Amino acid sequence: MVELRIFSTPVKVKGTVLVPIVALWGIVTWLEFSWHPERGFWQSVLIGLVTVLLLLPADFGHALAHIFSARSAGAPMDEIRLGAGMPRTLYWKNEVSPDVHRMRAMGGPIFNLLGLLLSIVIYAIARDNPIIRELAAWSAVGHGWILLAALLPLPMVDGGTLLKWTLVARGKTEKEADGMVRRIDWVLGIGGEIIGVGLLAMQMWIGGVIVAGMSAVVIAIAAGKIR
């Protein structure tokens, strides 16, 4: 494990972080070579590498952006852990107001929104350079996907935090707010499973497996099996 500090916040990086990075590089390289065989294998490998280097900030930058929003809220983050799974932002002292919870949760989504807008602008102006447009499109997809996922009303992401503490700010108890978020999780999970089965029935195998798998995770979270 490698440990460093970013603006005085400890960031612990496990060696397993390389597993999804290498896997993503391989997937993007394969897609690039399939879409543009005329470019050749090694150019596809290079474009795949650059794409991964653009997608990593969308993911890791999301977590790091919470450092700034937490400091702005007056409740600094204690630690970030980067590994094979999604980055984890840890706060040891959570006895803060609903407004502080919500402000801390806004850093990542704001970062991805700005990244998405910048990627779209670059895509729009790079009309004479297809590779730059392609890289900008990958960046836009990365930022857009993480932004969308982060805003889902799930306890483990920013959307769940924003929803929970908004309910508390409006008079709900913390237990009542947790219950409402969990019920929404059930609805999203079941709805996602229905969509996933529908995609599989339409022989859209990749989309169906992804949606069904993610929905199963959401249902497991709602059932309390994943924390």
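Computed from the coordinates by the stated procedures, all read-outs in this text should not be read as laboratory data. This structure is a prediction, so every number in the text was calculated from the model and none was measured. Reconstructed Cβ throughout: ideal geometry from the backbone, glycine too, with neighbour counts over all protein chains shown.
Numbers below:
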item: Orientation-averaged projected area, Cα convex hull of region 1-107 (nm²); result: 7.7 nm²
item: J(HN,Hα) series, region 155-164, from Karplus relation 6.51 cos²θ - 1.76 cosθ + 1.60, nearest Hz, glycine and proline x; result: x, 8, 10, 5, x, x, 5, 4, 5, 4
item: Virtual spin-label span in nm between R127 and L18, 7 Å along Cα→Cβ; result: 4.4 nm
item: Exposure proxy order (Cβ contacts within 10 Å, fewest to most) of H62, H36; result: H36, H62
item: Dipole of region 95-192, positive direction: furthest Cα of P109, A149, P98, with charges on the beta-carbon; result: P98
item: Anisotropy class of region 61-183 from Cα gyration tensor, a/c 1.5 cut; result: prolate
item: Amide N of region 150-165 lying under 20 Å from the label point, which is placed 7 angstrom from the Cα of L114 along Cα→Cβ; result: 150-151, 158-159
item: Förster-model FRET efficiency, 30 Å R0, L46 and D78, C-beta, rounded to 0.05; result: 0.20
item: Eligible aspartates and glutamates near K93 by straight Cα distance, threshold 15 Å, same-chain separation 8 or greater; result: D78, E79
